[in-house]
Structures are given as C-alpha cells and as structure tokens.
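First up is the structure itself, then whatever we jot down about it.
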Amino acid sequence: MPQEPADSLNAAVPPDAETRSIPEISVPMLDVHAPHQTIHTWKDFLVHIAAIAMGLLLALALEKVVEYVHEHHQLTEARRELAMEVAENRRTWTLNVTEASRIQRELDADFKIIQAVRSHASVDGSKFDYSVQFYATSDGPWQAVRQSGSLHLMPHEELQTYAWFHGNLTSVMESMHAFETTLHIGGAIAASAPPEKLSAHDLDELADKTLEAQGRLVNLRMFLGFEELGLKRLSQQPGSNPLL
C-alpha cells in the first residue's frame, strides 16, 4: 500500500482511532450544600447592621445635644431679656407709686378748694392741680420672647408667673389711661377760670370729676400693689439678675 503524505488527514489519525473510546469531559456538579462561611457571613451582616444602628443613634444623640444646647442658650437669653424688662418696670413702678401719692394729696387739696368756694370761704389764691405724669410699663421683651417661641422652654410655674405679671401690667395701663382721662377733664374745667370765678355748674362738674378721679386712683393703686407683688415673685425666678 502506498504511503500517504505525512501531512494528510488520514496520516494524522491512527488506523485504530475509530475503535478507541473517546473519554467524556464531565461537567462540574453544582454544590447545593451551604457554604462553610455561612455563619461568618451572617455575623458580618449583623456587625454591619449594628454599626449602622450605632451610627444612627450617635447622630440622633448628637442632634439632641445640639438641640439642648441651643434651647438652653435660647432660654438663657429669654430670661436675661425678661430680667432686664423687670428691672426697668421696677424703676417705673417706683416712679408711678410716688406720682400716685402726690396726685392723691393734690386731689384732696382740690376738693377742699371746691368746698371752700362753695361755702364762699377765702381760698387765699389757691390753685387747682390736676397734673399727672405717669410712666408706661415695658412689655417689649415679653412680646419678643412670645413671638420667638422661647416660652415653651420655661417651667410651667415660671411661665405662669410671667404671664400673670404681664396680664396685671395690662390692667395697670388700662386703669392708668382711664384715670388720666378723668384728670384731664377735671383739669380742663379747673383751667377755665380761677377757683372763685367758677360757676356752680362748673364746681359741681369739677367735684364729680375729682371724686371720680379719687375712685379711679384707688383702683390704680390696687393694680400697682399687684405689680409690686409680681416684681417680688419675678425677682426669685431663674436668671432674675440681668447682669449674670
């Protein structure tokens, strides 16, 4: 049999190649068993979750600390401003109490002049005095603190004291305005003529206004007494010293 070239296909294949069994290539079987690192993986997962939880807790705690510091500073500033307001109102209260005492003496003297003129007694050049110079109370810081929302940071008892005090200040100012109006009317009648030249009608009107003013002054001095009580209570509140 003639030989075939060595580079031919038949030459490259042994004659008994067809009879030999060709080994099969086995495909790797899928391992369905749980991996050996399952416990370690869950541990890592739990550690990771714990780290996230701790981070969130620390962030919340830090936020609360910052909020507490801010609110503490806000409350401190509110108390300082209110304490300065109380100190100013205390000076105003002293002036108003002094003025109320002066006006009471003048009203008593005015009524004696009216009685003297009515009885045709000599008034010796006496003059009526219906002057008034009261000072308004201050509540600007209180209104500012209310608008800023700082009041909810105060303890309930402290807040109630401030609310009661400023409610009384409103009553003081209302009573003061009513009293001043009566005095101004009396002063207008008294200024229309010298005491001995006033008509009987004017004297009656002036006597009525004088008595009305005395009654309104009693009411005003009552509220000034309440204000004094409030000032004493507020002097015992935290942060009552505005210099601290």
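The values are calculated or read from the model by the stated rules, or taken from the named source; none is laboratory data. Being a predicted model, the structure only gives us computed values, none of them experimental. Because the Cβ atoms are built from the backbone with ideal geometry, glycine has one as well, and the counts that use them run over all protein chains shown. Quick note on the areas: whole protein, heavy atoms, side chains included, nothing else; ligands and nucleic acids left out. Shrake-Rupley method; radii C 1.70, N 1.55, O 1.52, S 1.80 Å.
Numerical summary
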quantity: Some residue of the range 151-158 being under 20 Å from Arg90 (Cβ atoms), open to solvent by less than 30 Å² (accessible area, probe 1.4 Å) and not aromatic (Phe, Trp, Tyr); calculated: yes
quantity: Within the range 49-97, tally of residues that are without any contact (Cβ under 8 Å) to a residue 60 or more places away in the chain and touching a Ser or Thr at 6+ places or on another chain (Cβ under 7 Å); calculated: 3
quantity: Lone qualifier among Glu77, Glu81, Glu85, Glu71 - being modelled with pLDDT under 80, closer than 30 Å to Ala163 by Cα, open to solvent by less than 80 Å² (accessible area, probe 1.4 Å) and in contact with a helix residue (DSSP H, G or I) (Cβ under 8 Å, 6 or more places away or on another chain); calculated: Glu71
quantity: Residues (part of a helix (DSSP H, G or I) and under 26 Å from His184 (Cβ atoms)) located in the range 131-156; calculated: none
quantity: Phe128 part of a loop (DSSP other than H, G, I, E, B) and either within 22 Å of Asn219 (Cβ to Cβ) or not polar (S, T, N, Q) (or both); calculated: yes
quantity: Which listed residue is over 30 Å from Arg79 (Cβ atoms), modelled with pLDDT of 90 or more and assigned to a helix (DSSP H, G or I), from Leu159, Leu203, Leu169; calculated: Leu203
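Residue-wise test of (1) open to solvent by 20 Å² or more (accessible area, probe 1.4 Å); (2) in contact with a strand residue (DSSP E or B) (Cβ under 7 Å, 6 or more places away or on another chain); (3) of a type in the set (A, V, I, L, M, F, W, C).
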site: Val172; (1), (2), (3): no, no, yes
site: Met176; (1), (2), (3): no, no, yes
site: Ile185; (1), (2), (3): yes, no, yes
site: Ala190; (1), (2), (3): no, no, yes
site: Ala193; (1), (2), (3): yes, no, yes
site: Glu196; (1), (2), (3): yes, no, no
site: His201; (1), (2), (3): yes, no, no
